[in-house]
Amino acid sequence: MNNPSQRLSAHFTLAEMTHSATAARKGIANVLTPEIERQLFLTADRMEGVRALLGDKPISVLSGYRSEAVNKAVGGSKTSAHRTGHAVDFICPSFGTPAQVAAHLAKHLTSYDQIIEEFGQWVHVGFGPQKRMQKLTAKKVGGRTVYSQGIG
Ligand SMILES: [Zn+2]
């Protein structure tokens, strides 16, 4: 249980799906429950599909699961899909920019809740149960996050 080197799927480990640079810096534990761990296996499996769609190029996970304390520390939304282990923020530089990655996934990925190009810096993909198939772009406007329809 909670062995960080544990493999969730061929290319994703528990360590990367629970890592938080902010939490590490602030000494906050990203507490995992067995239920969340089970969900992370499913999310990692969906991320294998994302990786395949991006030509099997390496993906860097910036943020996966966030405990309540970690989510608070990074300023995440209370209803964030990261809280339940359903969402991943990532980059895939050898495929392209976050906007290019998000646009490609918006065209080809099936059965997801949200694809968000966030601040031109990374892609958020959510696999929550609502399956809204939302395609959004997030920008900071006057310090607030504003979402617009579509990618880019
Ligand atoms: Zn996210």
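In the range 103-120, how many residues are within 12 Å of the ligand (Cβ to nearest atom) and either modelled with pLDDT under 95 or not aromatic (Phe, Trp, Tyr) (or both)?
Of the range 103-120, the ones within 12 Å of the ligand (Cβ to nearest atom) are 113-119.
Still in the list and also either modelled with pLDDT under 95 or not aromatic (Phe, Trp, Tyr) (or both): 113-118.
So the count comes out to 6.
Can you confirm whether the range 79-88 contains a residue that is without any contact (Cβ under 8 Å) to a residue 12 or more places away in the chain and within 14 Å of the ligand (Cβ to nearest atom)?
yes
THR97 fails exactly one of the following numbered conditions: (1) surrounded by fewer than 18 Cβ atoms within 10 Å (Cβ to Cβ); (2) out of contact with any helix residue (DSSP H, G or I) (no Cβ under 8 Å at 6 or more places or on another chain); (3) over 20 Å from GLN134 (Cα atoms). What is the number of that condition?
Evaluating THR97 over (1) surrounded by fewer than 18 Cβ atoms within 10 Å (Cβ to Cβ); (2) out of contact with any helix residue (DSSP H, G or I) (no Cβ under 8 Å at 6 or more places or on another chain); (3) over 20 Å from GLN134 (Cα atoms) leaves (3) as the failure.
Going through VAL88, VAL101 one at a time, which residue ends up being among the aliphatic types (A, V, I, L, M), assigned to a helix (DSSP H, G or I) and at negative phi? Give the steps one after another, and end with the answer.
Details: VAL88 fails: assigned to a helix (DSSP H, G or I).
Criteria check complete, one pass: VAL101.
Identify all residues within the range 6-57 that are on the phi > 0 side of the Ramachandran plot and modelled with pLDDT under 95; write none if there are none.
Of everything in the range 6-57, just one residue is on the phi > 0 side of the Ramachandran plot and modelled with pLDDT under 95, namely GLY27.
The values are calculated or read from the model by the stated rules, or taken from the named source; none is laboratory data. The structure presented is a predicted model; accordingly, all values stated were derived computationally and were not measured. Neighbour counts run over all protein chains shown; Cβ positions are idealised from the backbone, glycine included.
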